[in-house]
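The values are calculated or read from the model by the stated rules, or taken from the named source; none is laboratory data. Because the structure is a prediction, the values reported are computed rather than measured. No Cβ is skipped: glycine too gets one built from the backbone with ideal geometry, and neighbour counts run over all protein chains shown.
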Amino acid sequence: MKHLLVAATVTAGMWLATPAWAGPFVFGSGPPTGLLGALSQPASPGNLETESARLERVTFPDVTRLVNNGGVFNKRGLVPQVRITSPLDGAFIAPGDSRIGAGDPNGTGFAIVAEIITRDNNHVSVDEDVNIRNVQDLFGLNPQFPGLFVFIDEDLITPDGTTTIPANTNLAPLFNIAGTDDTPGPGVTIWAGWHVLESISPREGDSFNLTVAVVDDDGRLAFDRVTLHVAPSVTDQFGTSGNGLTQNPGEPNRVSGGTAPIVEIIAPREPTAVTFGAAPPNGSLHYIQVNIIDKEGDVVVDELGASDGLLDPTNPNLAAQFGRIDDPAAGVGNPNRNVPGFDFRFSVPSGAAGGSANVNVARLFNVAGSEVILLESGTPAVRTVLNWVVAAPFVGSARDEDFVTFTAKVTDANGNQGVATRTFQLTDSAANGQELTPQPNH
């Protein structure tokens, strides 16, 4: 029986717009760590989001085995599957408030979340962590996830307003978090998330593409793409930035009464198993994504993360960084001050809950982002995504359990509530999520 094989030399233009400074964007065999070593010259010190880096021409040898992103079977098995779970295809993105010469950290403020499913015993190297952000590597690879490539075919305005990040720059080094769960059979599911601080030019009716590609350790390529819209006529009724799309803590209620939010737990995806985890920070290290859809935008969220009173980029504390909603200082069981109406609980004892079960652990969520979607009726609604890589283990009697139930409850500013639950297997197939994947060679 012949193996199904499509052999071609493919340029980036076939699946993303090629930047002016790039040659053919293709991948050969071999782990990605060695593929893109020439992506950039050494950059000057400092934050690369606020300065230009010198670029070298980017070329690659060839790409094969790519059919409708469905995976081509050959002697090296099945390619991974990639799915963008945030933002939704066709969503409207607030342009953000930063402009050249007038910076503002209230950017587009949406969340990008990628789900990567490996389907055989070939691997994708990832260093799962609550912080995989490596801004100094912008224009190159993220050393903690070297096989991840993320492109937006629109120039991005930096939060300080000093420059732009050119369209189709690899944005993977800007991602915040990554975690992994153990799906049934061969393979695992990897998740990675990013709160986008950058802004874009607010041109009514403009659209742009977001492409997420992953190269596994055998050099096989998979990707997904969504098209997003810029229309202030749709988003400005809620706000001009992602942070403005939702009611912020301390703001007056946007409406009286209103409707209940719709709550979904997207990650992990049933059926799957999460590890018990080891001592922090090497806890379970699985990824949680909670979606909230609200017609009025009155679910109270500070996507920028300032409502805990700690916002200082010079502070090494993650909770102090722009775009981080971590609020560990709130204390066990207390609400996250950046998302005060959010309650998240495990049915078994967790180190995140001080060793107890059924205690609110929302204060530990890492990043949030918002976009506007159109419901089937054509009504605009705000879709907010809350994300967490669980750095704490399941403890005590949880070790005797086979399953854990996650419960997410959201109460909006008017007291309307939405609830979602999901149940997952607990596994000791690995000590934690980090050991479910190979670790990159930094």
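Can you give me the ranges of the strands (runs of 3 or more DSSP E) entirely in the range 261-307 with at least 1 residues that are closer than 18 Å to Ala91 by Cα and among the polar types (S, T, N, Q)? It would help to see each step written out before you state the result.
Working: elements: 262-267, 273-275, 287-294.
Of the strands (runs of 3 or more DSSP E) lying wholly inside the range 261-307, those with at least 1 residues that are closer than 18 Å to Ala91 by Cα and among the polar types (S, T, N, Q) span 287-294.
Of the residues in the range 86-127, how many are in a strand (DSSP E or B), within 13 Å of Asp160 (Cβ to Cβ) and in contact with a strand residue (DSSP E or B) (Cβ under 9 Å, 6 or more places away or on another chain)?
Going through the range 86-127, the residues in a strand (DSSP E or B) turn out to be 86, 92, 99, 102, 111-117.
Subsequent filtering for residues that are within 13 Å of Asp160 (Cβ to Cβ) retains 99, 102.
Those still in the list that are in contact with a strand residue (DSSP E or B) (Cβ under 9 Å, 6 or more places away or on another chain) too: 99.
So the answer is 1.
If I ask for residues that are among the β-branched types (Val, Ile, Thr) and either closer than 23 Å to Ile93 by Cβ or buried (at least 23 other Cβ atoms within 10 Å of the Cβ) (or both), which ones from the range 143-187 would you list? Steps first, answer last, please.
Step one: filter the range 143-187 for residues among the β-branched types (Val, Ile, Thr), giving 150, 152, 157-158, 162-165, 169, 177, 180, 183.
Matches in the range 143-187: Val150, Ile152, Ile157, Thr158, Thr162, Thr163, Thr164, Ile165, Thr169, Ile177, Thr180.
One line per residue, one yes/no per condition, for (1) of a type in the set (S, T, N, Q); (2) farther than 20 Å from Thr183 by Cβ:
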{"residue": "Leu88", "(1), (2)": "no, yes"}
{"residue": "Ala102", "(1), (2)": "no, yes"}
{"residue": "Thr108", "(1), (2)": "yes, yes"}
{"residue": "Asp120", "(1), (2)": "no, no"}
{"residue": "Leu148", "(1), (2)": "no, no"}
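Given the options Ala368, Ala352, name the one that is surrounded by 22 or more Cβ atoms within 10 Å (Cβ to Cβ), farther than 22 Å from Pro87 by Cα and touching a residue at least 40 places away in the same chain (Cβ under 8 Å). Even if it seems obvious, please write down each step before you answer.
On the way: Ala368 fails: farther than 22 Å from Pro87 by Cα.
Exactly one of Ala368, Ala352 is surrounded by 22 or more Cβ atoms within 10 Å (Cβ to Cβ), farther than 22 Å from Pro87 by Cα and touching a residue at least 40 places away in the same chain (Cβ under 8 Å), namely Ala352.
Quick test of your reading of the structure: Asp129 fulfils all but one of (1) of a type in the set (D, E, K, R); (2) closer than 30 Å to Ala278 by Cα; (3) more than 17 Å from the chain's Cα centre (by Cα). Name the failing condition by number.
With (1) of a type in the set (D, E, K, R); (2) closer than 30 Å to Ala278 by Cα; (3) more than 17 Å from the chain's Cα centre (by Cα) applied to Asp129, the lone miss is (3).
Filter the range 128-142 for residues that are in contact with a Phe, Trp or Tyr (Cβ under 7 Å, 6 or more places away or on another chain) and either farther than 19 Å from Pro440 by Cα or in contact (Cβ under 8 Å) with a residue 40 or more places away in the chain (or both); which is surrounded by the most Cβ atoms within 10 Å (Cβ to Cβ)?
First, pick out the residues of the range 128-142 that are in contact with a Phe, Trp or Tyr (Cβ under 7 Å, 6 or more places away or on another chain): 132-133, 142.
When the remaining residues are screened for being either farther than 19 Å from Pro440 by Cα or in contact (Cβ under 8 Å) with a residue 40 or more places away in the chain (or both), the result is 132-133.
Working: Ile132: 25, Arg133: 20.
The residue in question is Ile132.
From the list Thr227, Thr180, exactly one residue is farther than 30 Å from Gly283 by Cα, at pLDDT 95 or above and part of a strand (DSSP E or B). Which is it?
Every option except Thr227 fails the conditions.
Can you say whether Ala352 is on the phi < 0 side of the Ramachandran plot and in a loop (DSSP other than H, G, I, E, B), as far as the supplied structure shows?
Working: on the phi < 0 side of the Ramachandran plot: yes; in a loop (DSSP other than H, G, I, E, B): no.
Against the criterion (on the phi < 0 side of the Ramachandran plot and in a loop (DSSP other than H, G, I, E, B)), Ala352 does not qualify.
How do the pairs read when you match residues in the range 194-222 that are in contact (Cβ under 8 Å) with a residue 12 or more places away in the chain and more than 29 Å from Ala306 (Cα to Cα) with residues anywhere that are of a type in the set (Lys, Arg) and part of a strand (DSSP E or B), using Cβ under 7 Å and keeping only pairs 6 or more apart or on different chains?
Pairs that qualify, where the first residue is in contact (Cβ under 8 Å) with a residue 12 or more places away in the chain and more than 29 Å from Ala306 (Cα to Cα) and the partner is of a type in the set (Lys, Arg) and part of a strand (DSSP E or B), are Asn209/Arg225; Thr211/Arg225.
Sort out which residues of the range 319-340 are in a helix (DSSP H, G or I) and buried (at least 17 other Cβ atoms within 10 Å of the Cβ), and write them in order of number. Walk me through how you get there before you give the answer.
At the first step, the residues of the range 319-340 found to be in a helix (DSSP H, G or I) are 319-320, 328-330.
Result: Ala319, Ala320, Ala330.
Residues in the range 388-398: is at least one closer than 29 Å to Glu198 by Cα, outside any loop (DSSP other than H, G, I, E, B) and either touching a helix residue (DSSP H, G or I) at 6+ places or on another chain (Cβ under 6 Å) or in contact (Cβ under 8 Å) with a residue 40 or more places away in the chain (or both)? Break it down into steps so the answer makes sense when it comes.
As a first pass, look at the range 388-398 and keep what is closer than 29 Å to Glu198 by Cα: 388-391.
Still in the running and outside any loop (DSSP other than H, G, I, E, B): 388-389.
Going one step further and asking which of them are either touching a helix residue (DSSP H, G or I) at 6+ places or on another chain (Cβ under 6 Å) or in contact (Cβ under 8 Å) with a residue 40 or more places away in the chain (or both), we end up with 388-389.
Within the range 388-398 (the criterion being closer than 29 Å to Glu198 by Cα, outside any loop (DSSP other than H, G, I, E, B) and either touching a helix residue (DSSP H, G or I) at 6+ places or on another chain (Cβ under 6 Å) or in contact (Cβ under 8 Å) with a residue 40 or more places away in the chain (or both)), the answer is yes, since at least one residue qualifies.
Is at least one residue of the range 106-121 on the phi > 0 side of the Ramachandran plot and touching a residue at least 40 places away in the same chain (Cβ under 8 Å)?
Residues of the range 106-121 that are on the phi > 0 side of the Ramachandran plot, as a first pass: 109.
Next, only the ones that are touching a residue at least 40 places away in the same chain (Cβ under 8 Å) stay: 109.
For the range 106-121, residues on the phi > 0 side of the Ramachandran plot and touching a residue at least 40 places away in the same chain (Cβ under 8 Å): present.
Which residue, of Val301, Val290, Val263, Val214, is under 23 Å from Phe342 (Cβ atoms) and in contact with a Gly (Cβ under 7 Å, 6 or more places away or on another chain)?
Numbers: Val301 fails: in contact with a Gly (Cβ under 7 Å, 6 or more places away or on another chain); Val290 fails: in contact with a Gly (Cβ under 7 Å, 6 or more places away or on another chain); Val214 fails: under 23 Å from Phe342 (Cβ atoms).
From the options Val301, Val290, Val263, Val214, the qualifying one is Val263.
So, in the range 159-177, how many residues would count as being touching a Leu at 6+ places or on another chain (Cβ under 8 Å), in a loop (DSSP other than H, G, I, E, B) and of a type in the set (S, T, N, Q)?
3
Looking at (1) assigned to a strand (DSSP E or B); (2) touching a helix residue (DSSP H, G or I) at 6+ places or on another chain (Cβ under 9 Å), which is the one condition that is false for Trp191?
(2)
So which residues in the range 254-291 are crowded, with 24+ Cβ neighbours inside 10 Å and touching a Ser or Thr at 6+ places or on another chain (Cβ under 6 Å), if there are any at all?
Answer for the range 254-291, where residues must be crowded, with 24+ Cβ neighbours inside 10 Å and touching a Ser or Thr at 6+ places or on another chain (Cβ under 6 Å): Val274, Thr275, Gly277, Ser284.
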